[in-house]
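Below you'll find the structure, written out as structure tokens, and then a few comments.
The values are calculated or read from the model by the stated rules, or taken from the named source; none is laboratory data. All values reported here derive from a predicted model rather than from experimental measurement. Here the Cβ positions follow ideal geometry from the backbone for every residue, glycine too, while neighbour counts run over all protein chains shown.
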Amino acid sequence: MPDSVSHIDSGPIPDTSRRLVLGIGCATFALVAMPLRAAGIGQSDALAAVRAALEKGADAAVAQLGTSGGFANDPKWRIPLPEALRKSEKLLRLAGQGGALDTLEATMNDAAERAVSRAKPLLSAAIRDMQVSDAQRIITGGDDSVTAYFRGKTETGLDAEFRPVVSSQLQSLGVAKQYDAIAGRGAKFGLVKEDAATLDGYVTGKAIDAVYAMIAEKERAIRADPISAGSDVLKKVFGSIR
């Protein structure tokens with residue numbers, strides 16, 4: 001007797017299953033929109049409010065991080081040496097490599113600042129293309145809703161925009177080339193995290209993370225005190241659902 005569990009029919013999804021999936025999707029959307037309707041907030045207001053909040057956050061992130069000292073002079077955003085280098089930092093300094101390490105860290109942060117200065121067009125495009133459903137998820141979502149939205153819309157583009165800038169800053173440093181050679185081999189054996197296998201990848205990732213984190217911070221500040229945001233639509237939307 002054939003095993004009835006060993007074969008799964010991969011044919012088309014029955015109409016009843018398709019209707020069930022669509023029904024779940026519609027119900028989920030309705031639950032997300034419910035708090036906004038209860039507060040008497042229309043879709044256009046919700047979309048305008050989120051766009052305004054994220055635009056303020058994007059402007060602040062680029063203005064602060066994309067200038068000289070934006071990373072280097074702020075302990076919160078300063079990019080440290082990769083973990084693989086930090087573990088051997090004492091030995092390297094004892095071996096006379098302290099100056100090279102200091103130069104590397106300074107160059108990494110300078111490269112991040114230069115890269116972030118180019119972020120605004122991509123961030124603005126993501127904000128401009130935002131749909132009502134995106135805005136509703138952000139308004140009613142958790143602290144990571146803004147980061148999740150931007151990662152989905154801009155991470156690939158920001159990586160492509162940032163990485164050449166970072167690479168051009170680091171390529172003249174001998175210690176950076178040495179790191180890439182050693183870390184690349186270490187990554188193959190799981191000794192170095194994949195995102196730190198190259199310095200340009202490590203710095204680019206840290207720069208992108210910082211941009212998203214700062215935008216999310218600004219958006220949370222508007223949620224907490226929408227009146228200080230200085231925008232009628234922000235006050236109406238975020239003030240109504242506090």
Residues of the range 83-121 being surrounded by fewer than 20 Cβ atoms within 10 Å (Cβ to Cβ) and outside any helix (DSSP H, G or I), in sequence order, are SER88, ALA95, GLY96, GLN97, SER117, ARG118
For the range 218-238, state whether one or more residues are part of a helix (DSSP H, G or I), at pLDDT 65 or above, surrounded by fewer than 19 Cβ atoms within 10 Å (Cβ to Cβ) and aliphatic (A, V, I, L, M).
-> yes
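Condition check: under 26 Å from LEU122 (Cβ atoms), modelled with pLDDT of 65 or more, out of contact with any helix residue (DSSP H, G or I) (no Cβ under 6 Å at 6 or more places or on another chain) and in a helix (DSSP H, G or I). Does ARG151 satisfy that?
Values: under 26 Å from LEU122 (Cβ atoms): yes; modelled with pLDDT of 65 or more: yes; out of contact with any helix residue (DSSP H, G or I) (no Cβ under 6 Å at 6 or more places or on another chain): yes; in a helix (DSSP H, G or I): yes.
Yes; evaluated as a whole, the condition is true for this residue.
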Taking the range 206-220 and keeping only residues that are of a type outside the set (Lys, Arg) and touching a residue at least 24 places away in the same chain (Cβ under 8 Å), one is left with ALA207, ILE208, ALA210, VAL211, TYR212, ALA213, MET214, ILE215, ALA216, GLU217, GLU219
Tally of residues being closer than 24 Å to PRO164 by Cβ and basic (Lys, Arg) across the range 67-116 = 2
Kindly indicate whether any position in the range 156-164 is part of a helix (DSSP H, G or I), over 16 Å from PRO82 (Cβ atoms), hydroxyl-bearing (Ser, Thr, Tyr) and modelled with pLDDT of 90 or more.
-> yes
In the range 116-129, anything over 15 Å from LYS56 (Cα atoms) and aliphatic (A, V, I, L, M) is listed as VAL116
Just one of GLY174, GLY142 is surrounded by fewer than 16 Cβ atoms within 10 Å (Cβ to Cβ), closer than 27 Å to GLY69 by Cα and either at pLDDT below 85 or not small (Gly, Ala, Ser) (or both); which is it?
-> GLY174
Among ALA53, ALA60, which is the only one that is of a type in the set (A, V, I, L, M, F, W, C), modelled with pLDDT of 85 or more and buried (at least 19 other Cβ atoms within 10 Å of the Cβ)?
-> ALA53
